[in-house]
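Below are the structure tokens for one structure; questions will follow.
Just so it is clear, none of the values below were taken in a lab; they were calculated from the coordinates. Here the structure is a predicted model, which is why all the values come from computation and not from measurement. FYI the Cβ positions are ideal-geometry reconstructions off the backbone, even for glycines, and counts take in every protein chain you see.
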There are 2 protein chains.
Amino acid sequence: MQNVPAGGFRAALETLLGGDPPAGAPLVACGMVGSRQGWVEVPYLDCPADLAAITAALASAGERSIAIVPGLICRNDAGIPDVMRGEETQILGALEEGAPRRVVVLPGTHSKWVLAGASGIETFATFMTGELYAVLREHSILGRLAVAGAEPGAFERGVSAGLEAHVGLSHALFSVRTLALTGALASAGVADYLSGLLIGAEIAAGRRWLEERAARALPITIVGDAMLCSRYRRAFALSGVDADLGPADAAARGLWRIAHCARLVP
Amino acid sequence: MQNVPAGGFRAALETLLGGDPPAGAPLVACGMVGSRQGWVEVPYLDCPADLAAITAALASAGERSIAIVPGLICRNDAGIPDVMRGEETQILGALEEGAPRRVVVLPGTHSKWVLAGASGIETFATFMTGELYAVLREHSILGRLAVAGAEPGAFERGVSAGLEAHVGLSHALFSVRTLALTGALASAGVADYLSGLLIGAEIAAGRRWLEERAARALPITIVGDAMLCSRYRRAFALSGVDADLGPADAAARGLWRIAHCARLVP
């Protein structure tokens, strides 16, 4: 989206499609295209929200109508909001109709933990794991200790440190530096240890969030980029949980379900 | 230290002193000058360590001898090390001889929480509060929401959010974005809210650390940069604790106590 100039969304779409869309083909899009900096701002829809509610809130953009999926908003007990855009569509794509209640974890820049099931998307929480990794890796003293390469077990050691980071993340993070400084962690393992620590801390924090909602025992499905999902699955396994992987094309499936519900496709 | 070329420490010292040091004047230095990238590497001394032990471990550098104070190292129950360089000297300078046991908090890039008293420095924990603020402010999506200025109460709201961040820091941080996005936090208040959130989370985490050591009831003394100390003092007050401020010249006082103990000064 950062490469699309003001007013250039239609042209960007045509570039992506390799020309004009086929006449009569319905167009449905989700994600940041519906944000304030997107094609058209689609207001966040309140949680809980199911397929019908999300479909009813589709907005349209452009001369020839393209339907844009709304993002979702929820609030915790203190009234602090949380938001998503795009993940609601991936979740709808990952869950079959009538799927039993579960936790959907969508790893990424802003990882989401979501309570969802047959009644739709109930509530969720964001963890800034991916963005913390990127800024610490590129701009902090921790990243400066890293050299390219790999060190067997470094990711797993990081996950354990993150899962056990009961004092707090900003304290646990300093172990990246002290272990490297004292020779207990090879420079080639620093990046993987940091990644593991942040993911482990996210899993521990996500569990606290689930506990507060009496949802700790629900099954977990991970949805997103294959490589990231496999890292999270390994981290969940280290924490004693066997998490499922959702379909790789969850976003496309979700868009299809929405298009179907909106009677744009048969 | 980043501005000192290899082998240039003697010249840098003379620049700082405005020429050759007076004949016979003892020279004592602490901090990163004793690190691997410093003038001479002084090994970390194990905790607990008192004035006598720290003085006995002074190293010397340069043709005309300059005494360099060792940093300290401690380990938690899991064997993960923590380190400081320079703060040990500030702590010795902040505590009178025979001072009762207390918690010394040294805010900064890598904030330190330290258990110390008449028997010296027992143990400590580092929180990367200042560095997290800097990288998030300059390089993250949270920093991009900030505009210059001030918003009354933004710091205090951040402190409360940090103190109550029981799910975890990486989740609480996202509130910077969602509050700004929904208009509940003015852009001019983003930087102060972020600062307050990180300091509040540090205080909550520091307390968990103290609780594990049955030291939650000890008095707290804050030592360091005046402006930062005043922010921390306000944050402690919001958490219901009246923290003392240590002397502004704690490092100089500490160096003097060490020089005295080493019989370099009367």
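Can you put B:Arg234, B:Arg263 in order, fewest other beta carbons within 10 Å first?
B:Arg263, B:Arg234
Now a separate question. For segment B:86-137, restrict the atom set to alpha-carbon positions and state the Rg and Dmax in Å.
Expressed in Å, the Cα Rg and Dmax of segment B:86-137 come to 12.5, 41.
With all distinct Cα pairs included, what does the Kirkwood hydrodynamic radius of segment B:20-126 come out to in Å, to one decimal, could you say?
Values: mean 1/r = 0.0693 Å⁻¹.
Its Kirkwood hydrodynamic radius stands at 14.4 Å.
Once a ≥ b ≥ c are taken as the square roots of the eigenvalues of the Cα gyration tensor of segment B:168-239, is the result rounded (a/c under 1.5), prolate (a/b larger than b/c) or oblate (a/b not larger than b/c)?
On the way: a/c = 3.32, a/b = 1.66, b/c = 2.00.
Note, shape of segment B:168-239 comes out oblate.
What is the spin-label model distance, in nm, from B:Glu138 to A:Ala148 if the labels are put 7 Å beyond Cα along the C-beta direction?
Modelled inter-label distance: 2.5 nm.
Which of rounded, prolate, oblate describes the protein assembly as shown, given a ≥ b ≥ c as roots of the alpha-carbon gyration tensor eigenvalues and a/c under 1.5 marking rounded, otherwise prolate only if a/b is larger than b/c?
Since a/c reaches 1.5 and a/b is larger than b/c, the shape of the protein assembly as shown is classed as prolate.
Calculate how steeply helix B:226-238 sits against the longest principal axis of the alpha-carbon atoms of chain B, using the helix alpha-carbon long axis, and give the answer as 0 to 90 degrees to the nearest 10.
For B:226-238 against chain B, the angle is about 50 degrees.
If packing is taken as the average number of other Cβ atoms within 10 Å across a peptide's residues, how do B:48-56, A:93-101 rank, most packed first?
Details: B:48-56: 18.0, A:93-101: 15.2.
Peptide ranking by packing, descending: B:48-56, A:93-101.
Choose one answer from B:Leu27, B:Leu255, B:Leu210: the residue with the largest mean-square fluctuation in a GNM of chain B with alpha-carbon springs under 10 Å.
Judging by the Gaussian network model, the answer is B:Leu27.
Work out from phi, with θ = phi - 60° and the Karplus expression 6.51 cos²θ - 1.76 cosθ + 1.60, the ³J(HN,Hα) of each residue of segment A:49-55, listed in order in whole Hz, and give x for Gly and Pro.
9, 10, 3, 5, 5, 5, 5
Based on C-alpha coordinates, I'd like the Rg and Dmax of segment B:157-207, in Å.
Cα-based Rg and Dmax for segment B:157-207 come out at 10.2, 32 Å.
Helix-only mean residue ellipticity at 222 nm, the protein assembly as shown, DSSP H runs n ≥ 4 weighted -39,500 (n - 2.57), per residue, nearest 500. What is it?
On the way: 22 runs with 216 residues, N = 532.
Dividing the helical sum by the residues of the protein assembly as shown leaves -12000 deg cm²/dmol.
Just to verify a number: FRET efficiency for A:Leu17 and A:Leu245, C-beta to C-beta distance, R0 = 30 Å, to 0.05? All intermediate terms of the calculation are to be shown ahead of the outcome.
Values: r = 29 Å, r/R0 = 0.97.
So the FRET efficiency works out to roughly 0.55.
Using r as the Cβ-Cβ distance of B:Glu96 and A:Glu212, and R0 as 41 Å, what FRET efficiency do you calculate, to the nearest 0.05? Walk me through the numbers on the way to the answer.
On the way: r = 45 Å, r/R0 = 1.11.
So, using R0 = 41 Å, E works out to roughly 0.35.
Convex hull over the Cα atoms of segment A:72-218, averaged projected area in nm²? Write down the numbers at each step before the final one.
Details: hull surface 39.5 nm².
Across all orientations, segment A:72-218 yields a mean hull projection of 9.9 nm².
Once amide H atoms are placed 1.01 Å from N in the peptide plane, what residues at a sequence separation of 5 or more from B:Val265, or on another chain, have their amide H within under 5 Å of its amide H?
B:His260
On to the next question. Using only Cα atoms, find the angle between the long axis of helix B:190-212 and the longest principal axis of chain B, and express it within 0 to 90 degrees, rounded to the nearest 10.
So the helix axis and the longest Cα principal axis differ by about 70 degrees.
Using θ = phi - 60° and the Karplus form 6.51 cos²θ - 1.76 cosθ + 1.60, what ³J(HN,Hα) does each residue of segment B:91-103 get, whole Hz, x for Gly and Pro?
After applying 6.51 cos²θ - 1.76 cosθ + 1.60, I find 5, 4, x, 7, 9, 5, 4, x, 4, x, 4, 7, 9 Hz.
Rounded if a/c is under 1.5, else prolate if a/b beats b/c, else oblate: with a ≥ b ≥ c from the C-alpha gyration tensor eigenvalues square-rooted, which is segment B:1-80? Let's see the in-between values first.
Numbers: a/c = 3.24, a/b = 1.73, b/c = 1.87.
Here segment B:1-80 falls in the oblate category.
So for chain B, Kirkwood radius off the Cα pairs, Stokes-Einstein at 4 °C and 1.567 mPa s: how many µm² s⁻¹? Write down the numbers at each step before the final one.
Values: Rh = 19.9 Å.
Value of D from the Cα-based Kirkwood radius: 65 µm²/s.
Also, quick follow-up: Post the alpha-carbon centroid distance, segment A:217-266 to segment B:1-58, in whole angstrom.
Each part's Cα centre sits 55 Å from the other's.
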